1. Could you pull out which residues in the range 189-219 have an amide N less than 16 Å from a spot 7 Å beyond the Cα of THR233, following the Cα-Cβ vector?
2. Residues of the chain: accessible area per residue at 1.4 Å, in Å²?
3. What figure, in Å² to the nearest 10, do you get for the accessible area of PHE716 with a 1.4 Å probe and non-protein molecules left out?
4. Using alpha-carbon positions, what is the distance between the centroids of the range 350-366 and the range 220-296, in Å?
5. So what's the range 207-249 giving for Rg/Rh, alpha carbon basis, Kirkwood Rh from the mean inverse pair distance?
6. Any idea of SER575's accessible area? Nearest 10 Å², probe 1.4 Å.
7. How many nm separate the modelled label positions at ASN272 and ASP344, each set 7 Å beyond the Cα in the direction of the Cβ?
8. Of the heavy-atom accessible surface of the chain (probe 1.4 angstrom), what whole percent is carbon and sulfur?
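The values are calculated or read from the model by the stated rules, or taken from the named source; none is laboratory data. Since this is a predicted model, take the numbers as computed values, not measurements. Every residue, glycine among them, receives a Cβ derived from its backbone with ideal geometry; neighbour counts consider all protein chains shown. Each accessible area value is taken on the protein alone, full model and side chains, heavy atoms only, with ligands, DNA and RNA left out. Shrake-Rupley method; radii C 1.70, N 1.55, O 1.52, S 1.80 Å.
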Amino acid sequence: MSSQKRRVPKIEPFKHRVEVDPKFFDKSWKKLDDAIREIYNHNASGLSFEELYRTAYNLVLHKHGGRLYDKLTENLKGHLREMGRLVEAAQGGLFLEDLQRRWADHIKASQMIRDILMYMDRTFIPTSKKTPVFELGLELWRDTIVRSPKIHGRLLDTLLELIHRERMGEIINRGLMRNTTKMLMELGSSVYQDDFERPFLEASASFYSGESQQFIECSDCGEYLKKAERRLTEELERVTQYMDSKTTDKIANVVDKEMLSNHMQRLILMENSGLVNMLIDDKHEDLTRMYDLFKRVPDGYSTIRSVMTSHIKETGKTLVTDPERLRDPVDFVQRLLNEKDKYDEIVSVSFSNDKAFQNALNSSFEYFINLNNRSPEFISLYVDDKLRKGVKGANEEDIETVLDKVMMLFRYLQEKDVFEKYYKQHLAKRLLSGKTSSDEAERSMLVKLKTECGYQFTSKLEGMFTDMKTSHDTMQSFYAALSGDTDGPTISVQILTTGSWPTQPCATCNLPPEILDICEKFRAYYLGTHNGRRLTWQTNMGNADIKATFGSRKHELNVSTHQMCVLMLFNSADSFTYKEIQQATAIPHVDLKRCLQSLACVKGKNVLRKEPMSKDISDSDTFYFNDKFTSKLVKVKIGTVVAQKETEPEKLETRHRVEEDRKPQIEAAIVRIMKSRRVLDHNSVVTEVTKQLQSRFLPNPVVIKKRIESLIEREFLERDKTDRKMYRYLA
């Protein structure tokens, strides 16, 4: 390896001097200038682009890029100023067409010039941080043409005028509009937004502000919404045809604000045609349109929901508090169901099953149904009517549908335990009289109640069905045990378990001697086969079939047990006073008067005759066997005159029983809560108890307090010695 240092290579300049033509730039630029002029004059076919490219290349190579760029800028400005004068001179409708033609020429020319100056674009322009050739052409067009004082305002006015004419129904050249707005977009988003979009939105706001005011003065709500919907559709379609897609939401917001938001309250509350009238008249199409349009508006949905809720509550309140409509419980509930069906359909069809509207509907119904404390009784009577008679011309599926609808009303009840009380009474009457239309329907209703409220709610009701089955088996065994000793009347006994059935202590009436014999035989048989049981006859709940002869006519009468006791008296005499009948039968006065009314005062069923003749029964009345009674039917059913609804004393009695039944439930809930919490303040106890029991009833805080006091007295709880509002559980 050589110890000498290596020499560093050195580049030396040419020894001879390179001579450059002093007019090189001018001659080269002259060639390019002439070429650009020919391009703008549409004579580019005779040009040699290769030679022109080489000329521009040499200029940049010889460090003339800056002068070339400046010359190009001046040249383009000159051509564009000339174009501008020609565009300004265009008359009327030719203005946009001429502008578009010049724009197309300029774009084509800019592309050719860019190709010629491609070397400058790639080398000089990036290093000197200047605008590329094609983009320079766009900027110069923007500043020289589009924003020139004489063209700028005219262009905007022309575009807005064409849009206005289209809004008024005229047909315009959409292709020309599309090309013009496309030109503005190609010049830059700020150009499109500042020079067209912003003024367009302002003009649109002004237009729709005036038009909406005009519409609302001469249209009802439905018509106005149709016009608003049509205008919105038109604007969205207009954007897709010849505007930037980003304008879509902006113009939609303008239409929404001017045509909907600004008039929302007036439209929704419009007299004779607003939301309330649409709801009343079931205008599903208009309601759908209102829902779809106002979802675009802030607070639109909540306003519709609020007005709908207020209307339903008001009409519902009228329905449940109108004394005329309370006379027929079945019709009362049917009206409620019709209202529910009506609004269910509206929410489903017009409001797209919107969850918020469903909740509003449910809360409204819950509000007004509980305004009438007889709603539980009436709903039970409605079910009784449908299960007793069946739904006319309906199959089991139809009955199931009716029961499902009833369950919807049942869910709204706050006093479900009151419903249970009445349902038990009505079910008992159906089962004992054998008038239930379908066992399947009865059990289906029980399953629904059990699913809704749990086993405890229906345990006693299920016990009633068990008793009916057991009674049937017992009667078969009883008659089998009689060994053919069946002379005289026969009986069918229903053995009811005390506690499962809504039986009330009642004075047993004096049965006819003919019946007493078979009754005693059954008592002896039953007590002989069941140890430790006690039988009490509930004569107020039975019925009988008796054969009666009226002159030469024979009829079979279906009557209640009390009516049978009265009629059997007339085997021994033709007439009895009211007092004599009462003494002989020992039927309570209220029941006896109803019984005699049905036997003597009902046309077509008057097997007895009363003197003096009147609808009311008094102690001094005398009753005669009516041997002139006639009927086309051999079998005549004589019902007991009884009110479908409870009388006021009966209602108070039922309410008292319900209140008494609630006490142990409230106490049990309190003990459960305190057992798990050990120590709890009064307000928390009330809240927890209400929460636990609300599926059956809403307990009164005053009653809860009284039950707490009772539990303290019986030493289940104690008050805290320092804080009297705190309770402690005593194990």
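1. Within reach of a label on THR233, which here means backbone N under 16 Å from a point 7 Å along Cα→Cβ, the range 189-219 contributes nothing.
2. Working: 39760 Å² over 731 residues.
Heavy-atom accessible area per residue stands at 54 Å².
3. 80
4. Cα centroid of the range 350-366 versus Cα centroid of the range 220-296: 22 Å apart.
5. Numbers: Rg = 12.3 Å, Rh = 11.4 Å.
Rounded to two decimals, Rg over Rh is 1.08.
6. Roll a 1.4 Å probe over it and SER575 shows about 50 Å².
7. Here the answer is 3.5 nm between the modelled labels.
8. Values: 19710 of 39760 Å².
With neighbouring chains kept in place, the figure for the chain is 50 percent.
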